[in-house]
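Values quoted throughout were computed directly from the atomic coordinates according to the rules given, and no laboratory measurement underlies them. None of the values given here were measured: they were computed from a predicted structure. A quick note on method: Cβ atoms are made from the backbone with ideal geometry, for glycine too, and the neighbour counts reach across all protein chains shown.
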Amino acid sequence: MPTAQLTTRPYADADAEAVTDLLNEVDIAAGGQPANDVDETRAVIDSIVRDVARDTRVVVTGDGEIVAVGLVPTPPPGGFRVDLVGGVRPLWYGRGLGRELLDWQVERAREIHQAVAPQARWAVHADVLAGNDPAIRLYRRFGFTAVRHWFEMVADTSGDAGARAVAAPLPEGLALVPYSPGFGNDLYAAHMTAFEDHWGYQRRPEDEWRRLTVESATFLPALSRLALAGNRVAGYCLAYTDPQPHRVYVGHVGTSREWRRRGVASALLGAVLAAAGNAGAEEVVLNVDASSPTGAVGVYERAGFEVDSRGVTYALTLESRTAID
């Protein structure tokens with residue numbers, strides 16, 4: 001179909017399923033697994049896309065099929081990172097849609113930067129699976145450079161593997177409990193503190209963080225676990241539904257600094273793996289920074305996770321107005 005027959009408009013809530021399917025098609029074509037959920041798509045739009053009319057774009061055929069999508073979220077207050085979301089349906093590769101979409105996304109990111117924090121140094125980030133050669137070539141053409149590598153890791157919780165998933169012992173002074181809403185405020189504070197020294201950290205307002213995590217339709221409180229020191233959260237492992245029903249997705253694992261390197265994360269992971277296996281899940285999946293300063297990759301490997309796919313974060317710097325002047 002000629003591109004002249006395509007139209008462009010902002011995202012609408014009725015697009016959630018089609019947009020999610022498109023993003024999953026992109027991942028599958030690059031050799032990955034479908035990692036996007038309809039509820040997660042809606043949560044991203046509702047919580048971190050500030051102006052749907054100006055910060056979203058879908059490309060639609062005359063028959064109503066969405067063949068490309070782009071989102072430009074705004075960083076949280078004091079943040080510095082614009083995390084682009086988007087892609088082109090693989091059957092439509094090679095027609096210039098990706099170039100036009102990325103050009104718009106970068107320009108829109110510059111406009112948001114100038115409107116929100118022109119004196120600050122920002123960056124535009126785009127995550128891509130290592131097998132997505134068309135997207136990688138496009139990012140490089142626009143001046144993006146690879147700044148970080150990450151892994152998707154998978155643990156088997158089916159059959160005998162699931163039966164063997166037993167929680168490692170917690171350090172003395174801690175108690176392991178399922179998540180409950182009463183710990184929500186302290187969990188937020190623990191998460192913000194635990195990730196302060198992580199690459200790319202941005203502190204989000206609590207209401208925004210909650211909508212993306214414990215108030216998300218994908219959150220699985222019964223499979224999530226907290227490590228408590230008295231009534232304070234010392235560590236946590238939060239589980240979510242996955243687009244593939246035989247999987248559970250671990251979206252957040254963290255340990256407060258004073259309890260690190262004492263086996264807290266291993267105990268939490270073991271408990272979640274056991275709970276997921278008992279609930280009928282065949283696999284548990286998570287994403288991890290390949291250069292995590294906490295040694296997370298090794299922790300996950302010891303818990304039974306193996307690398308399933310690899311990805312790269314590409315970045316483009318948005319200079320401050322002072323630097324430009």
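Observations on the model:
- Residue among 53, 130, 146 with the largest mean-square fluctuation in a Gaussian network model of the chain, springs linking Cα atoms under 10 Å: 53
- Shape class of region 136-221 from the alpha-carbon gyration tensor: oblate, with a/c at 1.5 or above and b/c at least as large as a/b.
- The magnitude of the dipole of the chain, with charges of +1 and -1 set on the Cβ of Lys/Arg and Asp/Glu and taken from the Cα centre, is near 920 debye.
- 4 °C / 1.567 mPa s Stokes-Einstein diffusion coefficient of region 236-310, Kirkwood radius on C-alpha pairs, µm²/s: 101
- Put in order of Cβ neighbour count within 10 Å, fewest first, the listed residues 246, 252 become 246, 252.
- Shape class of region 152-309 from the Cα gyration tensor (axes a ≥ b ≥ c, square roots of the eigenvalues): rounded, since a/c falls below 1.5.
- Simple point charges give the picture: +1 on the Cβ of Lys and Arg, -1 on the Cβ of Asp and Glu, and for region 113-218 a dipole about the Cα centre of about 620 debye.
- Taking amide H positions as modeled 1.01 Å from N, with prolines and chain starts lacking one, the residues under 5 Å from residue 308 and 5 or more places away or on another chain are 152, 153, 154.
- Measuring nothing but how far apart in sequence close Cα pairs (under 8 Å, 6+ apart) lie, relative to its length, the chain scores a relative contact order of 24 percent.
- Exposure proxy ranking for 19, 49, 67, 116, based on other Cβ atoms within 10 angstrom of each Cβ and starting from the fewest, stands as 116, 49, 67, 19.
- Protection proxy ranking of 291-298, 24-31 - average other beta-carbon atoms within 10 Å, highest first: 24-31, 291-298
- Think of region 152-309 as having a plus end and a minus end, set by charges on the Cβ of Lys, Arg, Asp and Glu; of 223, 175, 307, 175 sits farthest toward the positive end of this dipole.
- Each Lys and Arg adds +1 at its Cβ and each Asp and Glu adds -1 at its Cβ; summed about the Cα centre, region 152-309 shows a dipole of about 460 debye.
- Phi angles of region 214-229 translate, via the Karplus equation with coefficients 6.51, -1.76, 1.60 and θ = phi - 60°, into HN-Hα couplings of 6, 9, 6, 5, 8, 6, 10, x, 5, 9, 8, 9, 10, 9, 10, 10 Hz per residue; Gly and Pro are given as x.
- GluC sites (Glu not before Pro) within region 149-228: DSSP coil, no more than 16 neighbouring Cβ in 10 Å: 172, 196, 215
- Whole-number D in µm²/s for the chain (Stokes-Einstein; Kirkwood sum over Cα pairs; 37 °C, 0.692 mPa s): 158
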